[in-house]
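Everything below concerns the one structure shown next.
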Amino acid sequence: MRVNCVGAIIFDASDRLLLVQRGHPPGMGLWSIPGGRLEPGESDIAGVRREVLEETGLHVEVGRLAGTVDRPGPGGVTYVIRDYLASVSGGVPTAGDDAADVRWYGMAELAHLPLSEGLLESLAAWGVLPR
C-alpha cells in the first residue's frame, strides 16, 4: 500500500533549517523536516500548511516541489513523500502534535544530529543543501 505524505523544507534568514524531533513511531527521537500523511482529498499544499502548523505552530507559504522519496513503512506500507520548499509567514516555533521538539539548525550542526534516514542525502541530491 502506498501512503501519500508531504514535508516542508524551511530555512530562516540565517540559512538554518527547521527540524522537528519525532515524538512517535516511525522515527521516534529522530530529527526531520516537518510533515506527515495527507488526509483524504487534501492537496499537497494544504497538507504542507496543516502539518507545519500542527507540528511547529508556524504558518507557511508553500513554494516549489523540491523532490520526492519513497520510504518503507511497517506492514509493507510505502510512504511516498513529496517535500516542498516553504517560508514562514507567521507564528512562533512551538512543538505540537507528534513533535517532541522543534528547532532551527545550522548546516554544521546537521551532521551531528540523529536524522531521519536519507534526509541529508535527499536534500543534497535535490540541490537544497548545502546553502
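The values are calculated or read from the model by the stated rules, or taken from the named source; none is laboratory data. Because the structure is a prediction, the values reported are computed rather than measured. So basically every Cβ, Gly included, is an ideal-geometry build from the backbone, and we count neighbours across all protein chains shown.
Assorted remarks:
- Among residues of the stretch 66-81 that are loosely packed, with under 12 Cβ neighbours inside 10 Å, those with a Cβ under 9 angstrom from a residue that is part of a strand (DSSP E or B) and aromatic (Phe, Trp, Tyr), sequence gap 6+ or separate chain, pair up as Asp70/Tyr79; Pro72/Tyr79.
- Failed item, numbered, when Gly96 is tested on (1) over 15 Å from Leu123 (Cβ atoms); (2) assigned to a strand (DSSP E or B): (2)
- Evaluation of Gly36 against (1) more than 21 Å from Met1 (Cα to Cα); (2) modelled with pLDDT under 95; (3) under 12 Å from the mean Cα position of the chain (by Cα) (one fails), failing number: (1)
- As for the stretch 18-40, it holds no residue that is among the β-branched types (Val, Ile, Thr) and over 23 Å from Gly118 (Cβ atoms).
- Every test in (1) over 13 Å from the mean Cα position of the chain (by Cα); (2) closer than 19 Å to Ile45 by Cβ; (3) of a type in the set (Gly, Ala, Ser) is passed by Ala111 save one, and that test is (2).
- Positions within the stretch 52-68 being of a type in the set (Asp, Glu) and assigned to a strand (DSSP E or B), in sequence order: Glu61
- Among residues of the stretch 44-99 being among the basic types (Lys, Arg) and in contact with an Asp or Glu (Cβ under 9 Å, 6 or more places away or on another chain), the one that is nearest to Arg2 (Cα to Cα) is Arg71.
- Test: residue in the stretch 21-31 that is under 19 Å from Leu129 (Cβ atoms), among the basic types (Lys, Arg), assigned to a strand (DSSP E or B) and in contact with a Ser or Thr (Cβ under 7 Å, 6 or more places away or on another chain): no
- So Leu123, is it touching a residue at least 24 places away in the same chain (Cβ under 8 Å), in a helix (DSSP H, G or I) and touching a His at 6+ places or on another chain (Cβ under 7 Å): no
- Considering residues of the stretch 47-65 that are buried (at least 18 other Cβ atoms within 10 Å of the Cβ), aliphatic (A, V, I, L, M) and within 12 Å of the chain's Cα centre (by Cα) only, the residue nearest to Asp12 (Cα to Cα): Val52
- Test for Tyr105: is it farther than 13 Å from Cys5 by Cβ, of a type in the set (Phe, Trp, Tyr) and within 14 Å of the chain's Cα centre (by Cα): yes
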